[in-house]
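The values are calculated or read from the model by the stated rules, or taken from the named source; none is laboratory data. Note that the structure is predicted; figures quoted are calculated from it, not measured. Quick reminder, even Gly has a Cβ in these numbers, built from the backbone with ideal geometry, and neighbours come from all protein chains shown.
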């Protein structure tokens, strides 16, 4: 149900872009990087008593695009690789599962931009963001530790494979590889030079999809280990994007829109 609710803003944003007049359309685009702090959250209280969750730190690296729709309203879309984690301590069994997951993520955010002040290179703005985010789970790896030596494993999706496992395989059944969430945050837009803007954002993201279906689990057969995947991510991130302003009309005419600084 929640994924259908989150799709609604996507169509709203797409409609605004399609009906926007092309004359004088300008947008900012550039590389983006940041770091994230994650914690997985169980859906049921009995799991909270069995599994103790710890925070983990990850990162993101990709590209960001900011497109003005109206005077104060922008559409912000990003595409980046992110590394997330799930560190779980199984209280009764003494296992610690330190897993690292790889994702491709696409936040689709409605941005409300406000002028804060004037600086030498242009307008200093601040903004508020909110919207859905889509993630695709690529895979991952991890470490399982107890009283004995630490076991490093690779993650595969599906039922456990037969035969020997070298390296050990942690199989995740009924995984939700395509996931949805809700993201919100605030940030500033600092003009470094004319037509070059640094975006700095602080955000929170709330997972709308479990890592696996209710009957799914993570299993390491050679150790008889099993972990619950009935969890969602709670994420906090700090990121920066260095963008260049592009004039859509001038670009189609074959003219460069990035102005070079004059040599002193």
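In the stretch 110-128, the condition of being surrounded by 14 or more Cβ atoms within 10 Å (Cβ to Cβ) and in contact with a helix residue (DSSP H, G or I) (Cβ under 9 Å, 6 or more places away or on another chain) is met by at least one residue.
Residue 227 meets all of the listed conditions (1) at pLDDT 85 or above; (2) within 23 Å of residue 85 (Cα to Cα); (3) buried (at least 20 other Cβ atoms within 10 Å of the Cβ) but one, namely (1). Put simply, of 131, 148 the only residue that is closer than 23 Å to residue 239 by Cβ and either part of a strand (DSSP E or B) or without any contact (Cβ under 8 Å) to a residue 24 or more places away in the chain (or both) is 131. Just one of the listed residues (70, 56, 87) is out of contact with any strand residue (DSSP E or B) (no Cβ under 6 Å at 6 or more places or on another chain) and at negative phi, namely 70. In the stretch 230-247, the count of residues that are more than 25 Å from residue 142 (Cβ to Cβ) and either in contact with a helix residue (DSSP H, G or I) (Cβ under 6 Å, 6 or more places away or on another chain) or at pLDDT below 85 (or both) is one or more. Would you mind stating whether residue 99 is within 19 Å of residue 42 (Cβ to Cβ) and either exposed (fewer than 14 other Cβ atoms within 10 Å of the Cβ) or touching a residue at least 40 places away in the same chain (Cβ under 8 Å) (or both)? Spelling it out, residue 99 is indeed within 19 Å of residue 42 (Cβ to Cβ) and either exposed (fewer than 14 other Cβ atoms within 10 Å of the Cβ) or touching a residue at least 40 places away in the same chain (Cβ under 8 Å) (or both).
Please pick out the residue among 210, 195 that is closer than 29 Å to residue 158 by Cβ, in contact with a strand residue (DSSP E or B) (Cβ under 9 Å, 6 or more places away or on another chain) and either in contact (Cβ under 8 Å) with a residue 12 or more places away in the chain or surrounded by fewer than 20 Cβ atoms within 10 Å (Cβ to Cβ) (or both). Reasoning before the result, please.
On the way: 195 fails: closer than 29 Å to residue 158 by Cβ.
Going through 210, 195 in turn, just one is closer than 29 Å to residue 158 by Cβ, in contact with a strand residue (DSSP E or B) (Cβ under 9 Å, 6 or more places away or on another chain) and either in contact (Cβ under 8 Å) with a residue 12 or more places away in the chain or surrounded by fewer than 20 Cβ atoms within 10 Å (Cβ to Cβ) (or both): 210.
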